[in-house]
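Following: one structure in structure tokens, then a few remarks.
The values are calculated or read from the model by the stated rules, or taken from the named source; none is laboratory data. All figures in this text were calculated on a predicted structure; none of them were measured in a lab. With ideal geometry, Cβ positions are generated from the backbone for all residues, glycine too; neighbour counts draw on all protein chains shown. Accessible surface areas use protein heavy atoms only, side chains included; no ligands, DNA or RNA. Shrake-Rupley method; radii C 1.70, N 1.55, O 1.52, S 1.80 Å.
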Amino acid sequence: MWAAAALTVGVLASCTTAPTPEPVAPTQSADNACFQVSDVGTLVFNMKQAWDAGRIPGEEYQGAMYLAGSMLGRIGESDDDEVNGDVLALRDAAGTYAVDPDSAEWKAAFAAVSESCTAVLGEFGVSGWVGG
């Protein structure tokens, strides 16, 4: 069992690109899409904080940004045109594989989706769970 786990970790550690994900939900509520975007934002925010503070190595940070890009790519279309458009713009801002939270495109697109999700939910944000 441990040998299989070590092999899996070794194989995953050698991956340098993530596959292009396919959205899983063809149409969903805007609420659900916004909750999924919040999850992506939470991952990005916390890993960026950990990276900036030197608490995680580059490989872990980059892996988290790949995961965030994959998560974002799996958010299906929303039944709200504005949320849907903003999620698609955020996906475009993320690039092909990994999110770059320092890019102007990511910051602008995340601000736009935050605004449209706030209009839908009444409140929108990310959760900080690193630091101290």
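Under a Cβ-Cβ cut-off of 14 Å, what is the net charge of the residues other than Glu60 that fall near it, where Lys and Arg count +1 and Asp and Glu count -1?
Once all neighbours under 14 Å are counted, the net charge is 0.
When the chain is fully extended, how far beyond the present Cα-Cα distance does Glu115 get from Gln49, taking 0.36 nm per residue of separation?
In short, 21.5 nm is gained.
Using the heavy atoms of the protein chains and a 1.4 angstrom probe, tell me the accessible area per residue for region 20-132 in square angstrom.
53
Using only the alpha carbons of region 39-116, what is the convex hull's orientation-averaged projected area in square nanometres?
For the Cα atoms of region 39-116, the hull's average projected area reads 4.7 nm².
Can you list the residues of region 98-126 with backbone N under 15 Å from a point 7 Å past the Cα of Glu82, pointing along Cα to Cβ?
111-124
Using the Karplus curve 6.51 cos²θ - 1.76 cosθ + 1.60 with θ = phi - 60°, what ³J(HN,Hα) values do you get for each residue of region 52-69, in whole Hz, with x for Gly and Pro?
Karplus values, whole Hz, x for Gly and Pro: 4, 8, x, 8, 9, x, x, 5, 5, 4, 5, x, 5, 6, 5, 4, 4, x.
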